[in-house]
Amino acid sequence: TNLKRPRAGIEKTEHVFEPFPLRLFSGKLKNPPLALPSLKPLKEAVSDMIYVYNPNEPYLMLLIFDQMDAVYRKEAGTSFQRYNNSVRGGEEIATRLYETHPSQTWLEIGPFPAMASSLGYYNEVAPAMGKIIPWLAADKYQLLIISEANLETLKTRGDVSEYLLFIRRYIRLDNCRG
């Protein structure tokens, strides 16, 4: 059926379609569909499917900055190099600044051969942060450890709180917020 209705001075033709008659299937299906398991909402910690816990992989310590100027981020890297030279006997521990956008900036420290050695370093520097970077308020950073593989995932996903949900299941880091 064609109906013509004028609208605001423009004539337009609208088509009205009759619904198809509904036919009920009364026979049996040759191949009935498989029963699917019921789906439940995912819990907060979706992280298990994204991040992988392997304590034998190389790990890094991250100093994650919370809205801090580039000058202070660079100075933090220099401060950690000084600390490592003086306290760790000149042990070569690399530091690298990672900056993609203001919400994703951190200092990578390491790598360490495995989680145990990175935790040892973490436990050494966490209480000494006031001496290593005395000019940086404690609410402007957080420390955490992460495997190199999980770091690459974190860089693409960009959600530190998601990683914290994951890692807190395996280790306790006192200087982490989120």
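The values are calculated or read from the model by the stated rules, or taken from the named source; none is laboratory data. Because the structure is predicted, anything quoted here is derived from the model rather than measured. When we count neighbours, we look across all protein chains shown, and the Cβ atoms used for this are built from the backbone with ideal geometry, even at glycine. Accessible surface areas use protein heavy atoms only, side chains included; no ligands, DNA or RNA. Shrake-Rupley method; radii C 1.70, N 1.55, O 1.52, S 1.80 Å.
Given the criterion open to solvent by 60 Å² or more (accessible area, probe 1.4 Å) and at pLDDT 90 or above, identify the matching residue among PRO102, PRO113.
Details: PRO102 fails: at pLDDT 90 or above.
Testing whether each residue is open to solvent by 60 Å² or more (accessible area, probe 1.4 Å) and at pLDDT 90 or above leaves just PRO113.
If we keep just the residues of the range 116-159 that are of a type in the set (Gly, Ala, Ser) and within 21 Å of the chain's Cα centre (by Cα), which is surrounded by the fewest Cβ atoms within 10 Å (Cβ to Cβ)? Reasoning before the result, please.
We begin by selecting, within the range 116-159, every residue of a type in the set (Gly, Ala, Ser); these are 116-118, 120, 126, 128, 130, 137-138, 147, 149, 158.
Filter once more, so that each one left must be within 21 Å of the chain's Cα centre (by Cα): 118, 147, 149, 158.
On the way: SER118: 25, SER147: 24, ALA149: 14, GLY158: 11.
Top of the filtered list is GLY158.
Between residues in the range 157-172 that are under 20 Å from GLU108 (Cβ atoms) and residues that are part of a helix (DSSP H, G or I) and open to solvent by 60 Å² or more (accessible area, probe 1.4 Å), which pairs lie under 7 Å by C-beta distance while being six or more apart or on different chains?
So the pair list comes out as PHE166/ASP48.
Find the residue count for the range 59-90, including only residues that are farther than 21 Å from LYS140 by Cα, touching a helix residue (DSSP H, G or I) at 6+ places or on another chain (Cβ under 6 Å) and open to solvent by 50 Å² or more (accessible area, probe 1.4 Å). Full working, then the answer.
Taking the range 59-90 and keeping what is farther than 21 Å from LYS140 by Cα, we get 59, 84-90.
Of the ones still in play, those that are also touching a helix residue (DSSP H, G or I) at 6+ places or on another chain (Cβ under 6 Å) are 59.
Narrowing the set further to residues that are open to solvent by 50 Å² or more (accessible area, probe 1.4 Å) leaves none.
Of the residues in the range 59-90, 0 are farther than 21 Å from LYS140 by Cα, touching a helix residue (DSSP H, G or I) at 6+ places or on another chain (Cβ under 6 Å) and open to solvent by 50 Å² or more (accessible area, probe 1.4 Å).
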